[in-house]
Amino acid sequence: MIHMNEMTLRIGTRKSRLALWQTNFIAEELRKFNPELRVEIVEMDTTGDKIRDKPLPEIGGKGLFTLELENALHEGSVDIAVHSLKDLPSALPEGLAWIGSPRRADPKDAFISSRYKNLDEVPAGETIATGSVRRRAQILSQYPTLEFVDLRGNIDTRLRKLEEGGWAGIIMAAAAIERLERDDLPFSLMDTTRFVPAVSQGAIGIEAKEGREDLQVLFEKVFDSQTIEACTAERKFMNMLEGGCSVSLGAFAQKDDKGWIFRGWISNQRGTEVLSDEVRTQDVLNSAEEMANAFIERGARRILGRS
């Protein structure tokens, strides 16, 4: 427990530049509302960081970027772990919980290319680099003549490989470009109605042990209720369909002055069999559950390779 007379918060994080940006952002937000708080940042490598020469689905299992951080939470060596929420499995280990998120950044995917303005301009037979099963399937479903290579690594590594590989372009999260202040890059944003984002893309997730009411109080002014509501619905959709990083699944909840819009999208890995839907709703969590059930009735688990 964090007590007012000993306000030190130990934050676990990956070592990547983006992960450290997110962690420092959280630390600064906390200090803004809790000036007496001391923060200790504990950096560590995860399985996904250590194995860089294989596509993520080949490494296997969930939590490739979270396991070591979660072990530290269980052991009590850190109070919270900061994640890109899209990396945090929808079913967490016993005793741990996603306790909330600050306001979400841009959830869109971005196409980066020095040769083409957008995917519509890319000729047949050209190569796109991405490590995401979802992104590959979504692009293949609309541009079946394109080729793909796997791509992992930090933003600088990906950009270097783009130039060396002679590829048509790479796909990244727009939030990463924004947070690392790389607006200088030649990129175009991808429409969420055509390219439904990964679950919780653009959101930072805070994970902690269950029952830490002191942390809820500490984060009260940092967390954003609309982001939490949206990501809760998206994560529910994924959980019901048994999704993870090795399946092509997207979900996006968006609020406007008329209520919520919820989009769901799944396909097989080749993008040849697709289920997609969009609903306007006042109860986004219930609509996410209803859409997941409807997808299951239409064969979603077979399409995703889960049955």
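Worth a mention:
- Screening T227 against (1) assigned to a loop (DSSP other than H, G, I, E, B); (2) touching a Lys or Arg at 6+ places or on another chain (Cβ under 6 Å) leaves a single unmet condition, (1).
To keep it simple, each residue is scored yes or no on (1) under 20 Å from E126 (Cα atoms); (2) within 17 Å of the chain's Cα centre (by Cα); (3) surrounded by fewer than 15 Cβ atoms within 10 Å (Cβ to Cβ).
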site: E163; (1), (2), (3): yes, no, yes
site: A168; (1), (2), (3): yes, no, no
site: M190; (1), (2), (3): yes, yes, no
site: F195; (1), (2), (3): yes, yes, no
site: G202; (1), (2), (3): no, yes, no
site: A208; (1), (2), (3): no, no, no
site: E213; (1), (2), (3): no, no, yes
site: A230; (1), (2), (3): no, yes, no
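- Residue match in region 92-114 (condition: modelled with pLDDT of 95 or more, of a type in the set (F, W, Y) and closer than 19 Å to R134 by Cα): yes
- Qualifying residue in region 151-170 (condition: within 20 Å of G250 (Cα to Cα) and of a type in the set (S, T, Y)): no
- Residue, nearest to G166 (Cα to Cα), within region 129-142, restricted to residues that are touching a Gly at 6+ places or on another chain (Cβ under 6 Å) and of a type in the set (A, V, I, L, M, F, W, C): L140
- Looking only at region 282-299, and only at residues there that are in contact with an Asp or Glu (Cβ under 9 Å, 6 or more places away or on another chain) and either at negative phi or among the polar types (S, T, N, Q) (or both), the one that is surrounded by the fewest Cβ atoms within 10 Å (Cβ to Cβ): A294
- Flag for A97 being under 24 Å from L18 (Cβ atoms), in contact with a Pro (Cβ under 9 Å, 6 or more places away or on another chain), touching a residue at least 24 places away in the same chain (Cβ under 8 Å) and outside the structural domain of A253 (by TED's automatic domain parsing): no
- Single condition A175 does not satisfy, out of (1) in contact (Cβ under 8 Å) with a residue 60 or more places away in the chain; (2) under 28 Å from W21 (Cα atoms); (3) surrounded by fewer than 20 Cβ atoms within 10 Å (Cβ to Cβ): (3)
- Any hit, region 247-255, residues being in a loop (DSSP other than H, G, I, E, B) and either in contact with a Lys or Arg (Cβ under 6 Å, 6 or more places away or on another chain) or farther than 18 Å from A292 by Cα (or both): no
- Residue in region 139-146 that is part of a helix (DSSP H, G or I), over 20 Å from K15 (Cα atoms) and not hydrophobic (A, V, I, L, M, F, W, C) present: yes
- Hits in region 178-224 - residues which are in a loop (DSSP other than H, G, I, E, B) and hydrophobic (A, V, I, L, M, F, W, C): L180, L185, M190, F195, V196, A198, V199, A203, F219, V222, F223
- Sole residue being basic (K, R), within 15 Å of the chain's Cα centre (by Cα) and farther than 20 Å from S267 by Cβ, chosen from R115, R135, R104: R104
- Hey, I206 closer than 26 Å to A91 by Cβ and either at pLDDT 95 or above or in the same structural domain as A253 (by TED's automatic domain parsing) (or both) or not: yes
- Identity of the residue in region 255-273, in contact (Cβ under 8 Å) with a residue 40 or more places away in the chain and buried (at least 16 other Cβ atoms within 10 Å of the Cβ), that ends up farthest from L140 (Cα to Cα): R263
The values are calculated or read from the model by the stated rules, or taken from the named source; none is laboratory data. Here the structure is a predicted model, which means the values were calculated and not measured. Glycine gets a Cβ as well: all are built from the backbone with ideal geometry, and neighbour counts include every protein chain shown.
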